[in-house]
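For reference, the structure is listed below as structure tokens.
The values are calculated or read from the model by the stated rules, or taken from the named source; none is laboratory data. Quantities reported herein were computed from a predicted structural model and do not represent experimental measurements. Reconstructed Cβ throughout: ideal geometry from the backbone, glycine too, with neighbour counts over all protein chains shown. Heavy atoms of the whole protein, side chains included, go into the accessibility calculation; ligands, DNA and RNA do not. Shrake-Rupley method; radii C 1.70, N 1.55, O 1.52, S 1.80 Å.
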Amino acid sequence: MKQKKPWGGRFTKQTAASVESFTESVSFDWRLCQHDIEGSIAHATMLAKCNLITEKEKVAIIKGLKEVLAEIRSGKFDFKESLEDVHMNIESALIERIGEAGKKLHTARSRNDQIALDLRLWIRDQTHIMIHLLISLQREFVKKGKMFFGLIMPGFTHLQHAQPVLLSHYLLAYVEMLERDITRLRDCLARLSKSPLGACALAGTTLPTDPKFTAKLLGFDGVCENSMDAVSDRDFCAEYTFCLSLIAMHLSRLCEEWIIWCNDEMKYIEISDAYCTGSSIMPQKKNPDVLELIRGKCGRVFGHLTSLLTLLKGLPLSYNRDMQEDKVALFDAADTVHDSLSILAELVANTKFNREQMTAACEKGFIDATALAEYLVKKGVPFRMAHEIVGKIVRECIRVQCKLSDLQLESFRAFSSVIEADVYKVLGVENCIRNYQSYGSTAPGLVKKRIAYWEKKLSKG
């Protein structure tokens, strides 16, 4: 039996089955059911307050909506493609349950402001979940930073050995990145916190409603000031997906690095077997597939952001059906980042750092050369001249195949007469670490303080 369309009064023919199949969105927007019902309960409460429905009708509507939600959660609800979307499926089920009162729920409301509301509510909830996952990952980095405090590793630029740093300092760099991701999500929430209900299709309503009351019931800071803007823009979806894209980018960078770190040439890390896979043909292989997949999924999230921006760029005001496609991109981007954060926190918790390999790597690449140049600066040598002198000293060390700290004092003085026996106090990675000054918490004491800061901050959740 064909379902009666809520807009069918103007039409003389039934909708073709092919059109129903092509235009339906309930196959993916069913995920908004809880938020749709939450918005409908607030809307019904407002309608009763404004005497547009009776108190008895309000009670019946709210009771019926809660029953529908319970049925959905139990897995017994039958979403019908012919009813197009989650909104009409819920409304139809409500009317079946409570009769005429259910037909009044859509008073002073359009699916246009209804879906704009549902998306805002959904993103608001998802944002809190995403922040929780980011904090969980931050905690794992801080735990590792504390556990391996004092372990020195080569810092890299251009993937070349650059200067020595504490592993803890390296790990805290990702904590800082994730913290900015959290602040961006919170900024996104602030702009999101406006209710579009009351805008209706695009121009509001002649009925005596109270949108501010509905907004307050739903926990928004206020209402959208322009009804056309309220129903026609999805910048909050694009902004949220942009935030997700930056999170995915940060995760991808870490994954790229750790994929390199766990290979046989570096062996900086050892990932638990439980978070790796093998080869179907090479028995010896232990592959970092989780890291590779997170890296790969980053491009998928970027693609969803591009999809949303492209979707919106050519739309005239106000609502257009194209906007139905926003949810496909939004939901998958959120799912992808959610799953990536969850599994990466587990992987980090189950990864060990190889002290011997990292320490041995610090002996390569003359990573104390900058400290030697700065030693010369303290002796009054202009930096550009100091840079050139140290470059020549490094070249000599390469020729004779020794480290800077192995060079005899007479050899140093052949390049600069200001070099004295105290030069050996600045050479070597441990001296470099010990002599670092305050910027960026590079110095060991400051790294330790930063770990303590993050432990305290993250303990509050």
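Quick notes on this one:
- Working note: Debye formula, equal point scatterers on the alpha-carbon atoms of segment 28-158, no solvent; log10 I(q)/I(0) at q = 0.19 Å⁻¹ is -1.07.
- Each residue of segment 333-342 is assigned a 3J(HN,Hα), and the resulting list reads 4, 5, 4, 5, 6, 4, 5, 5, 5, 4 Hz, derived from the Karplus form 6.51 cos²θ - 1.76 cosθ + 1.60 (θ = phi - 60°), x at Gly and Pro.
- The charge dipole of segment 184-327, taken about its Cα centre with unit charges on the Cβ atoms of Lys, Arg (+1), Asp and Glu (-1) only, comes to about 200 debye.
- The distance between label points at residue 273 and residue 146 comes to 3.0 nm (points 7 Å beyond Cα on the Cα→Cβ vector).
- Cα-based equivalent ellipsoid, segment 340-384: semi-axes from gyration tensor eigenvalues, Å: 39, 15, 7
- Cβ-based charge dipole, the chain, positive-most Cα from 367, 301, 15: 367
- Shown here: segment 332-461, whose C-alpha atoms stretch 62, 29, 28 Å along the first, second and third principal axes, sorted largest to smallest.
- DSSP beta bridges in the chain [antiparallel fraction, %, rounded to 5]: 80
- Each Cα pair under 8 Å and six or more residues apart adds its separation to the average, and for the chain the resulting relative contact order is 16 percent.
- Taking 7 Å steps out from each Cα toward its Cβ at residue 343 and residue 21 produces label points 3.3 nm apart.
- Distance between the pseudo-spin-label points of residue 235 and residue 317 (7 Å out from Cα toward the beta carbon): 1.2 nm.
- Protection proxy ranking of 150-158, 195-203 - average other beta-carbon atoms within 10 Å, highest first: 195-203, 150-158
- Straight-line cross-link reach from residue 327 at under 22 Å between alpha-carbon atoms covers these lysines, not counting any fewer than eight positions away in the same chain: 80, 194, 297, 313.
- Compactness check for the chain: Cα Rg over 2.2 N^0.38 Å is 1.35.
- Across segment 79-142, Cα-Cα pairs more than 18 Å apart make up 57 percent of the total.
- Global form of segment 117-158, assessed from the alpha-carbon gyration tensor, a/c cut-off 1.5: oblate
- Residue 155 long-range amide H proximity, modeled H, under 5 Å: 162, 163, 165
- Rotationally averaged projected area of segment 228-268 (alpha carbon convex hull; nm²): 2.8
- Options 160, 170, 198, ranked by Cα towards positive dipole end of segment 150-199, top entry (Cβ charges): 198
- Euclidean distance between Cα centres, segment 12-63 to segment 371-409, Å: 75
- For the chain: accessible area per residue (Å², 1.4 Å): 50
- With loop membership from DSSP and a limit of 15 other Cβ atoms within 10 Å, the longest segment of the chain without GluC sites (Glu not before Pro) is 1-224.
- For segment 52-92, taking Cα atoms only, Rg and Dmax work out to 11.8, 33 Å respectively.
- For q = 0.13, 0.15, 0.17 Å⁻¹, Debye-computed log10 I/I(0) when each Cα of segment 247-362 counts as one equal scatterer: -0.62, -0.74, -0.86
- All aspartates and glutamates inside 20 Å of residue 144 as judged from Cα atoms, apart from same-chain residues fewer than 8 positions distant: 176, 179, 256, 257, 270, 273, 346, 356, 455
- Inter-centroid distance (Cα atoms) of segment 239-258 relative to segment 118-157, Å: 11
- For segment 82-191, size of Cβ-based charge dipole, Lys and Arg +1, Asp and Glu -1, in debye: 380
- Charge tally around residue 324: other residues with Cβ under 13 Å, Lys/Arg +1 each, Asp/Glu -1 each, net -4.
- MRE, 222 nm, helices only [DSSP H, n ≥ 4, -39500 (n - 2.57), over the chain, to nearest 500]: -19500 deg cm²/dmol
- Set of aspartates and glutamates near residue 66 by C-alpha distance (under 17 Å), chain-local residues within fewer than 8 positions excluded: 36, 38, 55, 57, 78, 91, 96, 118
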